[in-house]
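Structure first, commentary second.
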Amino acid sequence: MSAWIMLGSGCFLVAMGVLWIAMGGGFVLDGGPILLGLPSGIGSALSTVALGLILLAAVLQVRAGVFARRRADSND
């Protein structure tokens, strides 16, 4: 049972981290085009691209085994 709680907590924290990064990126990327006099739709598009890149990086890290346990066949 405790493994399920740890798994759920970890998934929740990862999701919250992605949301915080996306929110911070949204403020930065939305403020930049407004300061340059561009439409706010460009800021929204940039925020969407940034969120996509964040999610892509997370998926690639998981696939590469960044969070995986050490393999049993290591020389240690």
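The values are calculated or read from the model by the stated rules, or taken from the named source; none is laboratory data. All values reported here derive from a predicted model rather than from experimental measurement.
Key figures
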| read-out | value |
| --- | --- |
| Val49 being within 11 Å of the chain's Cα centre (by Cα) and modelled with pLDDT of 75 or more | no |
| Unique residue being modelled with pLDDT of 75 or more and on the phi < 0 side of the Ramachandran plot when the list is Met23, Met16 | Met16 |
